[in-house]
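Reading through the structure tokens given below for one structure.
FYI, it's all coordinate maths here, none of it is from the lab. Since we're looking at a predicted model, the values are computed, not measured. Neighbour counts run over all protein chains shown; Cβ positions are idealised from the backbone, glycine included.
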There are 2 protein chains.
Amino acid sequence: MDLIETKFLKLAADNAPGQETRINRIGDSGSVVALKGGELSGVPVDFSHGDVDAFLPSPGAQEAFVAGYASGGRQAYTEYRGGRQTRQDLASKLAAFTGKPIENDDSLILTPGSQGALFLAMASVITAGDKVAIVQPDYFANRKIAQFLEAEITPVRLHYAAQTDRAGLDLDELESAFKSGAKLFVFSNPNNPAGVIYSEDEIGTIASLANRYGVTVIVDQLYSRLLYDGKGYTHLRAAEIDPDKVVTIMGPSKTESLSGYRLGVAFGSLPVIDRMEKLQAIVSLRAAGYNQAVLNAWFSEPAGWMAQRIAQHQAIRDDLVAKLRTINGASVRTPEAGSYLFPTLPTLSVSTLDFAGVLRKEAGVTVTIGTEFGPRHKDSVRLNFSQNHQAAVHAVDRMVQLIQRYR
Amino acid sequence: MDLIETKFLKLAADNAPGQETRINRIGDSGSVVALKGGELSGVPVDFSHGDVDAFLPSPGAQEAFVAGYASGGRQAYTEYRGGRQTRQDLASKLAAFTGKPIENDDSLILTPGSQGALFLAMASVITAGDKVAIVQPDYFANRKIAQFLEAEITPVRLHYAAQTDRAGLDLDELESAFKSGAKLFVFSNPNNPAGVIYSEDEIGTIASLANRYGVTVIVDQLYSRLLYDGKGYTHLRAAEIDPDKVVTIMGPSKTESLSGYRLGVAFGSLPVIDRMEKLQAIVSLRAAGYNQAVLNAWFSEPAGWMAQRIAQHQAIRDDLVAKLRTINGASVRTPEAGSYLFPTLPTLSVSTLDFAGVLRKEAGVTVTIGTEFGPRHKDSVRLNFSQNHQAAVHAVDRMVQLIQRYR
């Protein structure tokens, strides 16, 4: 096997969220799992991502796209970092949202999805052999991007299971990672998959450790608008931290259901954003020009729209958490933000990967296996509960029944 | 300067096509060039890219987008390699176009622009230290992607200047590069920037050399639908070549003026396409879902539409070539395809970069400097003549006048 094949083995995407339709067999080793009992009928639910037919794209988005198309060449061919007017507009909106000015619109770049922002940002800070601290569990691509860049990963645990007022970041492990020479720390806040929010104290400690050890921090705040129970949220960039060492990533794909346009934004450190644009010039050129216009409608949703969307998600969350807690031996922390549940399942007679296959095949329910978010999470699955409420409840009912069968 | 800064120095995008609006000064070394004579008035023309207000997006594209949006979640969340129906449809259209079956729709991936396809394809074949053969002159990103991947570049000259029935690839240099261990050969056909088509004999030789030395070939055929004077075109993938060693890249951004949607497609080698999907999963996830629907209208343009578009471009080409040939000491080969002119300018009193700055400032004419396409091309500039016909003619008039001033 040559170098490139070895490199790509680490990037296996077969079990990544959204790729389940490509899996035609049950079983992680080619073996067929013996099915127990008959199929459980019900509306199929794909918990691997949100359902934009249940939660429609935010008002004004498609109209903004159509207006962008109508404005022609100016919108089709923007600077690689994105159209100036849109960047200026976003800079002021995101400064207001995060509670700290954005120095100039050049310190903000539009990308094809927040995934695009994450890749560009990480590749603009670390290269082969550099050390990067990555939270476990966290978004699957953090680890895989580091692997693609041939960086050295130092895992930092998130003790998310206990229902406390902290996310549960292991600050000792974080400091050890920084001490041992980490150049970069990447984390999502709210955490994907656990749905927990880092406390003001945790953010403050991250900031002061980053300052002390000269570490750059990339924070993925994709879900920072979808907070439950009036929970507070501390923006890292507004903390006491060297502004050249922080990049914040956001995007309208999740809460606003605009994933079909692939839009993301990164803002903060001007030196890093400058490199990101250079890299974007050879990776995808720019976020699709017409699509960029959709961002003009972002953070301008009608009054009450966001509050309603949050309330609807919170109601689904509460129903699903209650169902999952009826499972003997399972545990789940109530998420404080976002639309993910990350329960730990009881011991089953099959692997979690096989169980996910059975669940898809016998009950029409798709979940993402925990190991996508870190190698320790063999007993967990992730559910994106941005779904039709009733369908989601019934799907978790079927999951509960199958867990009984496969104990 | 640390490693990452050194790495990004090579990726400077300041003079890349489309980035000229970011340049506020004249002069490549911070010095201000003394301006000679007054401003030359006229409609500003940006030859760095095509003008989609002059050549409108192909019929049916926006309607296909709107239909894609209306179909909701299915279109928003496709497999990372793109929606299955669109891939199947494209596989049969592109097989017909290139004259060879596409084995299955999995050997085709949709990407954010053909730029996205190029990055993913190159990164799926070579890694740090690998050798890659790159044509000079050729598309600017070929070289920069290789540099980002820390591959070792072996240049292969294209002797494009003579008006022959060959593109002019130096086949001896190509074989030397292959002999010395190149793992990959990347080239555009028709060539960007020179607008020349590789002859059947040249393509056959590339194929047989690739077979002999086990080299993978990525061919960027972005302009292969825009051929003048009934010129023939040989598709590399239809030649005698190991199908696992060829990736063909196309997209509707140029001839069809659909750049604002950022869509590309790569097809061929299944092992390489599989890796490209794994990498896309961490680089941009997928081509924007709604945008993918635009590809349903591609290769389905109304009868006569393409012939008319070609005739219009050919008329502009002929007028501009005639104007450029009036310049004493300049030379230009008549392009056989695509919408680029790549003239060599006479010796001027300022550098080509400074002249490009003067031209933009004094005459409202934007061109791309030749060194973006290879270090040897210091005396050339590239013009994308997919522009309003009259405006383009007048802009080249102004360029001719300024060349006289700066001799």
Q: Mind jotting down the distance between the C-alpha centroids of segment A:227-255 and segment B:244-319, whole Å?
A: 37 Å
**Q.** Formal net charge of residues neighbouring A:Ser188 (Cβ-Cβ distance under 10 Å; K, R +1; D, E -1)
**A.** -2
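Given axes a ≥ b ≥ c from the Cα gyration tensor, I'd like to know whether segment A:213-310 is rounded (a/c under 1.5), prolate (a/b larger than b/c) or oblate. List each step's numbers first, then the result.
On the way: a/c = 2.70, a/b = 1.16, b/c = 2.32.
Since a/c reaches 1.5 but b/c is at least a/b, the shape of segment A:213-310 is classed as oblate.
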Q.
Please compute the contact order of segment B:297-407 in relative form: average sequence separation of alpha-carbon pairs under 8 Å and at least six residues apart, divided by the residue count, as a percent.
A. 28 percent
Q) Add -39500 (n - 2.57) for each DSSP H run of 4 or more in chain A, then divide by its residues: what number comes out at 222 nm, to the nearest 500 deg cm²/dmol? A) -11000 deg cm²/dmol
Q. For helix B:84-98, what angle does its Cα long axis make with the longest principal axis of chain B, in degrees from 0 to 90 and rounded to 10?
A. 60 degrees
Q.
So if I place +1 on the C-beta of Lys and Arg and -1 on the C-beta of Asp and Glu, and nothing else carries charge, what would the dipole magnitude of segment B:109-213 be about its Cα centre? I want it in debye, nearest 20.
A. 280 debye
Q.
Counting only pairs 8 or more residues apart or on different chains, how many lysine pairs in segment A:61-297 have their Cα atoms under 16 Å apart?
A. 6
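Taking only C-alpha pairs under 8 Å that are 6+ residues apart, what is the relative contact order of chain B in percent? Intermediate values should be presented prior to the final figure.
Working: 804 pairs, mean separation 105.7, N = 407.
Worked out over chain B, it gives 26 percent.
Which value, in debye to the nearest 20, gives the size of the charge dipole of segment B:61-297 about its Cα centre, when Lys and Arg are +1 and Asp and Glu are -1 at the Cβ? Before the final figure, lay out the partial values.
Details: 23 positive and 26 negative charges, 125 e Å.
That gives a dipole near 600 debye.
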**Q.** Computed E for B:Leu56/A:Lys378 - FRET, C-beta separation, R0 56 angstrom, nearest 0.05
**A.** 0.55
(Q) Can you tell me which lysines have their Cα less than 27 Å from the Cα of A:Lys36? Leave out same-chain residues fewer than eight positions away. (A) A:Lys323, A:Lys361, A:Lys378
Q: Please work out the C-alpha center-to-center distance from segment B:92-158 to segment B:379-398 and express it in whole Å.
A: 29 Å
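Excluding B:Ser124 itself, what net charge comes from residues whose Cβ is under 11 Å from its Cβ, given Lys and Arg +1 and Asp and Glu -1? Kindly include the intermediate steps, with their values, before the conclusion.
Details: positive: A:Lys7, B:Arg275, B:Lys278; negative: A:Glu5, B:Asp274, B:Glu277.
Spelling it out: positives minus negatives among the neighbours equals 0.
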Q: Before anything else, pin down the relative contact order of segment A:61-297: Cα pairs under 8 Å, at least 6 apart, normalised by residue count, whole percent.
A: 31 percent
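Out of the DSSP beta bridges found with both residues in the protein assembly as shown, what percent are antiparallel (nearest 5)? Could you put the intermediate results ahead of the total?
On the way: 32 of 72 bridges.
Once the DSSP bridges in the protein assembly as shown are tallied, antiparallel ones form about 45 percent.
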Q) Most mobile of A:Gly264, A:Gly230, A:Gly364 per a Gaussian network model of chain A (Cα springs, under 10 Å)? A) A:Gly230
**Q.** Semi-axis lengths (Å, descending) of the ellipsoid that matches the C-alpha gyration tensor of the protein assembly as shown
**A.** 46, 29, 25
**Q.** Charge sum, other residues only, whose C-beta stays under 12 Å from A:Leu158's C-beta, Lys/Arg counted +1 and Asp/Glu -1
**A.** 0
